[in-house]
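Read the figures in this text as sums done on the coordinates, not as results from a lab. Everything numeric here is computed off the predicted structure, so don't read it as measured data. Reconstructed Cβ throughout: ideal geometry from the backbone, glycine too, with neighbour counts over all protein chains shown.
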Amino acid sequence: MRPVPSSEETLARIERGLRMVTVPMPHLAGLAASVRCSIDDRVPTMGVFASGRMIANRQFVSKLKENELVFVLAHELLHLALRTHDRAKGSGRLEFNYAHDYIINDILRAELGFTHVPAGGLDMPGAKEKSAERIVLEMRKDGDKMQSKTSVWDGQEVSARGALNGPGRGRKSADDAGDVMDEVTERQLFPECKNGQGEQIKHVEKEAAKSLALGKAMGAMKGRGFETGDVTQTVMALRGIYKTPWEVALQKWIESAAPGERTYLRPSRREVARSDIVLAGRKRSSWMLNIVLDTSGSMSEEISPALGAIADFCEQVSVDEIRLVQCDAAVTNDEMLSPEALANYQVSGFGGSDLSPAMRELAEDGRVTAVLVITDGDIAFPPEEMPYDVLWVLTPGASINFRPPYGHIIRMQGGRA
């Protein structure tokens, strides 16, 4: 048996591996430059802290081929990009760690061209199409039937329930099984980090949001995200580039949702079969349109034309004020503005894909009777029906499989009118 490389040799190899990660996955370059590697045989394999400290066992690293090391390092960086540490806090920390492991490994298998997950990693084909919450529920419901591992790397095959039923099998704690390591453990292993830990976490969170948004824009992040982002950009709304069929459907929905009484002083413009019949028109009055805007990473190229189209339409139907609630996995902005203000509008987020916080926030406002949701459909949303009318406005290219159990759906169409 060849001797285990020294800590210096192992560290140099990891640093080379991090540089290699950025070749096929350039959106992770910021995170790769932000992490700090520590070689420590007190951990059984490899793990990462929210501060960006990556910790590795020499013997574990020595067993990995170069391409396998790149896979494992990319895996740890994606835990930072997907904000697993925040999502995994609480009693279900290990099971959420496992859920994100399945998703990350499924993404990397495709991105890096692997036919299997190296280093005995967790494997669930198709996991990247599921949310972490769904996988957690599957593990809880069908844990006796699902195959899992006793640890994230180099684990022995057991049922998912067996993997989550306490440390067991010689493990001292959940951190020995998972690779998403908490702040308390970092302070125990590295007491000197205590003072700067918070600032490091904030810096890594900012880089994580950038990496996730860039990955979405590049099409590299195929899975569904569920973390809030803090990337901000100013969007120039693109005006007048959409055809009219979806606008007709939007007009019908607004006619049913808009306030205002009918009056014969303003005849309706709707056509009827007989010319001697005059329909009552709607008394023209200003009113507010409630909009939930999906600002997840996958919407980075869709928001400008969508806002431009909505601004054009609002001007046509006398919407004088818009309440625009931005949301990726959390509400990032909630403000009142005019349709004209959409022409040069700052959008925040570009993180995960869960509109539930925004839709539930509006549900608590008794004045809200109708909400227009602009999205690409790659989202999570409240399973229960909202106490207001919902119109789902899907951007061009949205999945045809988006079929929510409530509300109406219209699809924008690309091309010039």
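General observations
- Per-residue Cβ neighbour rank within 10 angstrom, fewest leading, HIS79, HIS85: HIS85, HIS79
- Gain in span if fully extended, SER6 to GLU385, counting 0.36 nm per residue against the direct Cα distance: 130.5 nm
- Residues TYR98, TYR388, arranged from fewest to most other Cβ atoms within 10 angstrom of their Cβ, appear as TYR388, TYR98.
- Rounded, prolate or oblate (a/c below 1.5 giving rounded, otherwise prolate when a/b exceeds b/c) for the range 7-224 by Cα gyration tensor: rounded
- Residue order, fewest to most surrounding Cβ atoms within 10 angstrom, among PHE114, PHE49: PHE114, PHE49
- Placing a label point 7 Å from the Cα of ASP41 along the Cα-to-Cβ direction, the residues of the range 59-90 whose backbone N falls under 20 Å of that point are 59-65.
- Computing FRET efficiency as 1/(1 + (r/R0)^6) for ASN401 and SER62, where r is the C-beta to C-beta distance and R0 is 60 Å, gives about 0.85.
- Extension gain, HIS116 to LYS141, is 6.4 nm, computed as 0.36 nm per intervening residue step minus the present C-alpha separation.
- Model label points for ALA363 and LEU337, set 7 angstrom from Cα along the Cα-to-Cβ axis, are 2.7 nm apart.
- Net lengthening on full extension, GLN197/ARG19 (0.36 nm per residue, minus Cα-Cα): 61.6 nm
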